[in-house]
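**Student:** My structure is below; once you've seen it, I'll send some questions.
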Amino acid sequence: MAETYTIEGRTGPWEVVLGLEVHAQVISKSKLFSGASTTFGGEPNSQVSLVDAAMPGMLPVLNGECVRQAVRTGLALGAKINLWSRFDRKNYFYADLPQGYQISQFQHPIVGEGKLEIETEEGGPRTVGIERIHLEQDAGKSIHDLSPSASYVDLNRSGVALMEIVSKPDMRSPAEAGAYVTALRQIVRAIGSCDGNMQEGSMRADVNVSVRKAGEPFGTRCEIKNVNSIRFIQQAIAYEARRQVEILEDGGSIHQETRLFDPDRGETRSLRSKEDAHDYRYFPEPDLLPLELTAEFVEECRRSLPELPGARRARYEAELGLTPYLAGVLTADQDSADWFEALLADTAKRQGKPPRDVAERAANWMTGELFGALNKLGVEVADSPVSPAQGGELLALLADGTLSGPLAKQLFEIMLETREDPGAIAEARGLKQVSDTGALETAIAQVMAANADKLAEYRSGKDKLFGFFVGQVMKASGGKANPAVVNDLLKKALNQA
Amino acid sequence: MAVDESMVARVAGLARLQLAAAEVEPLTRELNNILGWIDQLQAVDTGTVEPMTAVIPLTREWRKDEVTDGDIQQDVLANAPQSAHGFFAVPKVIE
């Protein structure tokens, strides 16, 4: 077990207790209860139906796809799916909430308890409990800086489906909270229920922070609202935990409240204006029927799930014999894993070997050469100029000795620029390793003739000169000679007195 | 269950209802009458009755995930007391 994260106070170490509520925007074309589009970045109020604008008499109708995605997310987290759930009204007033209430699920959420495996660098693997997932509407967006006298409201987001994924208070350090969000993001992206784009706000977190002395009951928590990056989540926790420890050690007490994180100042601030808002007066939504699911529907959702990142990673280690590091890098996102599997399938086929025998070589090439090049180009793996099949061909040319390591590197550079197949490039530019002994013997003879003095030295015992001859032959072949063949032939030629 | 005058004033505040001081006492009495009636209903033993959650026996009236609405910015803003550049313009909300 690794060292526990603590805040060192004057009175000793304090433990930090963290629970997260992650709001994940469901991938759907239309909104949770209306037929308006969910696309990001439209003209203000252009993706708004009269339902989203809460015009009197308009009725919500549930989008089945959003239900399906919430169930799939629950299943991916090993959670209990509630075949009977219900929508409730959460009442509060705000300019960007035209209904005066949010349709959410309070008492009977669609997804119950589940769990998520996380892994931190210091702490190793750990399980974080999931309390529930419920479906709810997003609010509109208020813009405060376009006019000195007014706030502007855009309802394009109003009514977009969100999943609120609530964890248990199981995390104990900023690193664990970061690992939790990372793992959750990997899963929703892998199954395609949320794009995980934190910058555009498709995923954001409310962070509940409290502190306590080891072994004591939970302290009073504060909730930091709407934090939209993993780094900010960690900074906000570190600041907030320190703030609470200072208050407690000065003899004060923590008031349960909602706070905001200010990334510019790296601090959290009280949101006093909402003190009253905690009384949401939930009641069952009268405009919607209870949400009833059949066991067959849940089974269909289950069958539609792809292999999850954790399972894939374990399979790469067990079946392909990859190191935990390589398996982790390749399964970090769906696109990388897909690219790798296409590369591996192609490589195994071309070389007529079982995948396990070529996996490490392919993984090393992909994480080293390919990722290095993509990084330099600033391109995502999905947009790689080189296809998995071209990568497989390159690896095959290396494996059968057509290419040497240095030649393969040279050829790969050309592939990145021209997007041509490696075989065609090698043919057209003569970039093939020369293993033909006849040609190499000729080159060796020429080198030996041109360096008679060095030859004499070598034969009188100066063994170190062997490297010099190898270099000369390689140079004479334009770098194309097969080094292993050159070694063999040279040894024979030099030692034939 | 019963409510007192301070709770009535608080709930009115949360619901943005402006009540004159003189309205609070009669309203409290009326609400308590209603709550009293509900208490009376609670006395009926419903232990063996399935809860009724809807009066219409429909369950799967789900919408297909298609864009069928929107692009009506003018209509959406038509009743707004103030709008600007396609936005609703509301009194400045300061956090």
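The values are calculated or read from the model by the stated rules, or taken from the named source; none is laboratory data. Nothing here was measured: the structure is a model prediction, and the numbers come from that model. Virtual Cβ from ideal backbone geometry, glycine too; neighbours counted across all protein chains shown.
**Student:** Output yes when any residue across the range A:17-32 is within 11 Å of another protein chain (Cβ to nearest Cβ), closer than 26 Å to B:ALA54 by Cβ and touching a Phe, Trp or Tyr at 6+ places or on another chain (Cβ under 9 Å), and no when none is.
**Tutor:** The initial filter retains those residues of the range A:17-32 that are within 11 Å of another protein chain (Cβ to nearest Cβ), namely A:26-32.
Restricting the remaining residues to those that are closer than 26 Å to B:ALA54 by Cβ gives A:26, A:28, A:30-32.
Going one step further and asking which of them are touching a Phe, Trp or Tyr at 6+ places or on another chain (Cβ under 9 Å), we end up with none.
Within the range A:17-32 (the criterion being within 11 Å of another protein chain (Cβ to nearest Cβ), closer than 26 Å to B:ALA54 by Cβ and touching a Phe, Trp or Tyr at 6+ places or on another chain (Cβ under 9 Å)), the answer is no, since none of the residues qualifies.
**Student:** A follow-up question, please. Please specify each residue of the range B:1-30 satisfying the condition of being part of a helix (DSSP H, G or I) and away from chain A (no Cβ under 14 Å). Give the derivation first.
**Tutor:** Here is the first cut: in the range B:1-30, the ones part of a helix (DSSP H, G or I) are B:5-14, B:21-30.
Across the range B:1-30, the qualifying residues are B:GLU5, B:ALA21, B:ALA22, B:GLU23, B:VAL24, B:GLU25, B:PRO26, B:LEU27, B:THR28, B:ARG29, B:GLU30.
**Student:** Follow-up. Please find, within the range A:98-116, the residue that is farthest from the other protein chains (Cβ to nearest Cβ) out of those that are over 19 Å from A:PRO56 (Cβ atoms) and polar (S, T, N, Q).
**Tutor:** Our first condition is that a residue be over 19 Å from A:PRO56 (Cβ atoms); within the range A:98-116, this holds for A:104-116.
If we keep only those that are polar (S, T, N, Q) as well, we get A:104-105, A:107.
Details: A:SER104: 17, A:GLN105: 14, A:GLN107: 12 Å.
The extreme case among them is A:SER104.
**Student:** Here's something else I'd like to know. I'm told B:PRO51 meets every condition in (1) touching a Pro at 6+ places or on another chain (Cβ under 6 Å); (2) more than 9 Å from chain A (Cβ to nearest Cβ) except one. Can you identify the failing condition by its number?
**Tutor:** B:PRO51 satisfies every listed condition except (1).
**Student:** Looking at (1) touching a strand residue (DSSP E or B) at 6+ places or on another chain (Cβ under 6 Å); (2) under 29 Å from A:PRO286 (Cα atoms); (3) surrounded by 20 or more Cβ atoms within 10 Å (Cβ to Cβ), which one does A:ALA95 not meet, given that it meets all the others?
**Tutor:** Just one mismatch for A:ALA95, condition (3).
**Student:** Can you work out which of the residues in the range A:215-257 that are of a type in the set (A, V, I, L, M) and more than 18 Å from A:GLU176 (Cα to Cα) is surrounded by the most Cβ atoms within 10 Å (Cβ to Cβ)? Let's see the steps before the verdict.
**Tutor:** So in the range A:215-257, the residues of a type in the set (A, V, I, L, M) come out as A:224, A:227, A:230, A:233, A:236-238, A:241, A:245, A:247-248, A:254.
If we keep only those that are more than 18 Å from A:GLU176 (Cα to Cα) too, we end up with A:245, A:247-248, A:254.
Numbers: A:VAL245: 21, A:ILE247: 14, A:LEU248: 19, A:ILE254: 16.
In this case the residue turns out to be A:VAL245.
**Student:** Further question on the same structure: Looking at the range A:22-43, I want the residues that are free of Cβ contacts under 8 Å to residues at least 24 places away in the same chain and have a partner that is of a type in the set (Asp, Glu) and assigned to a strand (DSSP E or B) with Cβ atoms under 7 Å, at least 6 apart or on another chain. Which pairs are those?
**Tutor:** A:GLY35/B:ASP69
**Student:** Among the residues that make up the range A:85-102, is at least one of them over 29 Å from A:LYS141 (Cα atoms) and either more than 19 Å from the chain's Cα centre (by Cα) or of a type in the set (Ser, Thr, Tyr) (or both)?
**Tutor:** no
**Student:** When you scan the range A:136-198 for strands (runs of 3 or more DSSP E) that lie fully inside it, which ones turn up with 3 or more residues that are within 14 Å of another protein chain (Cβ to nearest Cβ) and surrounded by 21 or more Cβ atoms within 10 Å (Cβ to Cβ)?
**Tutor:** On the way: elements: A:141-143, A:150-154, A:161-167.
Where strands (runs of 3 or more DSSP E) fall fully within the range A:136-198 and carry at least 3 residues being within 14 Å of another protein chain (Cβ to nearest Cβ) and surrounded by 21 or more Cβ atoms within 10 Å (Cβ to Cβ), they are A:150-154.
**Student:** Report whether or not A:GLY471 is within 50 Å of the chain's Cα centre (by Cα) and not in a loop (DSSP other than H, G, I, E, B).
**Tutor:** Answer is yes for this residue.
**Student:** Here's something else I'd like to know. Only one of these conditions is not met by A:GLU300: (1) modelled with pLDDT of 95 or more; (2) away from chain B (no Cβ under 14 Å); (3) within 24 Å of A:ASN82 (Cβ to Cβ). Which number is it?
**Tutor:** All conditions pass for A:GLU300, except number (2).
**Student:** If you don't mind, another one. Inspect the range A:70-88 for any residue being in a strand (DSSP E or B), in contact with a Gly (Cβ under 8 Å, 6 or more places away or on another chain) and buried (at least 21 other Cβ atoms within 10 Å of the Cβ) and give the result as yes or no. Steps first, answer last, please.
**Tutor:** In the first step, residues of the range A:70-88 are kept if they are in a strand (DSSP E or B); the result is A:81, A:84-85, A:88.
Restricting the remaining residues to those that are in contact with a Gly (Cβ under 8 Å, 6 or more places away or on another chain) gives A:81.
Going one step further and asking which of them are buried (at least 21 other Cβ atoms within 10 Å of the Cβ), we end up with A:81.
Yes; the residues of the range A:70-88 include at least one that is in a strand (DSSP E or B), in contact with a Gly (Cβ under 8 Å, 6 or more places away or on another chain) and buried (at least 21 other Cβ atoms within 10 Å of the Cβ).
**Student:** Is there a residue being part of a helix (DSSP H, G or I), outside the structural domain of A:GLY471 (by TED's automatic domain parsing) and of a type in the set (S, T, N, Q) anywhere in the range A:386-403?
**Tutor:** Checked the range A:386-403: at least one residue is part of a helix (DSSP H, G or I), outside the structural domain of A:GLY471 (by TED's automatic domain parsing) and of a type in the set (S, T, N, Q).
**Student:** I'd like the full set of residues that are of a type in the set (A, V, I, L, M, F, W, C), under 19 Å from A:HIS23 (Cα atoms) and more than 8 Å from chain B (Cβ to nearest Cβ), limited to the range A:60-97.
**Tutor:** A:ALA70, A:VAL71, A:LEU75, A:ALA76, A:LEU77, A:ALA79, A:ILE81, A:PHE87, A:LEU97
**Student:** Only one of A:GLY42, A:GLY100, A:GLY112 is of a type outside the set (Lys, Arg), surrounded by fewer than 20 Cβ atoms within 10 Å (Cβ to Cβ) and on the phi > 0 side of the Ramachandran plot. Can you tell me which? Even if it seems obvious, please write down each step before you answer.
**Tutor:** Values: A:GLY42 fails: on the phi > 0 side of the Ramachandran plot; A:GLY112 fails: on the phi > 0 side of the Ramachandran plot.
Criteria check complete, one pass: A:GLY100.
**Student:** So, one more: Out of the residues in the range B:54-83 that are of a type in the set (Gly, Ala, Ser) and touching a Leu at 6+ places or on another chain (Cβ under 8 Å), which is nearest to the other protein chains (Cβ to nearest Cβ)? Walk me through it before giving the result.
**Tutor:** First, the residues of the range B:54-83 that are of a type in the set (Gly, Ala, Ser): B:54, B:70, B:78, B:80, B:83.
Checking the rest, the ones that are also touching a Leu at 6+ places or on another chain (Cβ under 8 Å) come to B:54, B:83.
Numbers: B:ALA54: 5, B:SER83: 8 Å.
Filtering the range B:54-83 for residues that are of a type in the set (Gly, Ala, Ser) and touching a Leu at 6+ places or on another chain (Cβ under 8 Å), the one nearest to the other protein chains (Cβ to nearest Cβ) comes out as B:ALA54.
**Student:** Under the condition of being facing another protein chain (nearest Cβ under 10 Å) and modelled with pLDDT of 90 or more, which residue from the range A:239-279 is nearest to the chain's Cα centre (by Cα)?
**Tutor:** This residue is A:LEU260.
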